[in-house]
Amino acid sequence: MVGAVPGGVGEMSALEDAIGWTFRDRALIETALTAPARKMDHPEVRDNQRLEFLGDAVFGLLSAERLYRDFADEGEGLLTMRRTRLASGAAMAAAAAKIGLARELRVNCGAPHPADRSKAAADAMEALLGAVWMDGGLEAARAVFARLWPREEAGGADDVWADNPKGRLQCITQARRPPVCPKYETLSSDGPPHAPVWRAAVEVPGAGRATGEGRTRKAAETAAAAAMIEKISAGECADGA
């Protein structure tokens, strides 16, 4: 509820039941649920950005710990891919949607609640995890993490990134020595407004350039990333032949 009074048992119990943790310090849950936009008409409040910063680090530790234990035979590269997917904005937003977090956010007066899977909800999810850490320590944060983020099934790199070529390309290039970063470029947008065709390119230092097409800029970049992965894989096969 927008503007809910922190500490009211009726207001917060549903969310606390959902995450499996009851806060001793009510100010922490209040802050975790206060979006930065709230300061537009309440400049005196403390928003959740600092707790989001902490929660990001807590999530990184807990996700690395789980993957290290669950995938004992995997190397650093594939573990990094799994952690990147687990910590993606989409995964964070899905966890927020599971507990209805967007509906609990404190935003500026008159503004609608963010969507269930919005960036604001994903950011608040990290902040909430940081707040749990501050309130109950490692074991409390670990229990909430286990409750909200399901364990991954085993699978190779192709399974891990089957639906996210850009994420896979990022991990491939970051695993190089020295690490490099893909650079995307929009080449063109043709066709009628209701059915445009976008063309994009991606360049990876040391691997060259690849292009792709799609109905949106993001789809074109995704196609370009998939083409670059094929190019890199073909080059590695040729080198090893």
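If we count every other residue with Cβ under 13 angstrom of Gly212's Cβ, Lys/Arg +1 and Asp/Glu -1, where does the sum land?
Values: positive: Lys166, Arg199, Arg209, Arg215, Arg217, Lys218, Lys231; negative: Glu185, Glu203, Glu213, Glu221, Glu230.
Residues near Gly212 contribute +2 overall.
Counting Lys and Arg as +1 and Asp and Glu as -1, each charge on the Cβ, what is the dipole of the chain about the Cα centre in debye, to the nearest 20?
On the way: 30 positive and 34 negative charges, 83 e Å.
That gives the chain a dipole magnitude of about 400 debye.
Scan around Leu187 for amide H atoms under 5 Å from its own, H built in the peptide plane at 1.01 Å from N, and keep only partners 5 or more places away or cross-chain.
It is Arg199, Ala200, Ala201, by chain and number.
I want to verify a result. In a Gaussian network model of the chain, Cα cutoff 10 Å, which of these has the top mean-square fluctuation: Arg147, Arg50, Arg215?
Arg215
In debye, nearest 20: dipole of segment 9-148 around its Cα centre with unit charges on the Cβ of K, R (+) and D, E (-)?
Details: 18 positive and 21 negative charges, 44 e Å.
Once rounded to the nearest 20, the dipole reads 220 debye.
Among Met134, Met125, Met92, which one moves the most in a GNM of the chain with springs linking Cα atoms closer than 10 Å?
Most flexible of the set in this elastic network: Met134.
Per residue of segment 228-234, what does 6.51 cos²θ - 1.76 cosθ + 1.60 with θ = phi - 60° give for ³J(HN,Hα)? Whole Hz please, x for Gly and Pro, Karplus curve as stated.
With coefficients 6.51, -1.76 and 1.60, one gets 5, 4, 4, 5, 5, 4, 5 Hz.
Measuring from a point 7 Å past the Cα of Ala219 along Cα-to-C-beta, which residues in segment 191-209 have an amide N at less than 19 Å?
Only 191-202 fall inside the zone, counting backbone N under 19 Å.
Suppose a student asked you for the relative contact order of the chain, using Cα pairs under 8 Å spaced at least 6 residues apart; what percent would you report?
Details: 377 pairs, mean separation 40.9, N = 241.
Reported as a whole number, the value is 17 percent.
Using 5 Å bins from zero, what percent of all Cα-Cα pairs in segment 166-240 falls into each bin?
P(r) over segment 166-240, rounded to whole percents: 3, 18, 25, 22, 14, 9, 5, 3, 1, 0.
Given charges of +1 on the Cβ of Lys and Arg and -1 on the Cβ of Asp and Glu, with all other atoms neutral, how large is the dipole of segment 179-227 about its Cα centre, in debye to the nearest 20?
Values: 6 positive and 5 negative charges, 17 e Å.
My answer is approximately 80 debye.
Readers should treat all values here as calculations from the given coordinates under stated rules, not as data from a laboratory. Everything numeric here is computed off the predicted structure, so don't read it as measured data. Note: ideal-geometry Cβ built from the backbone for every residue, glycine included; neighbour counts use all protein chains shown.
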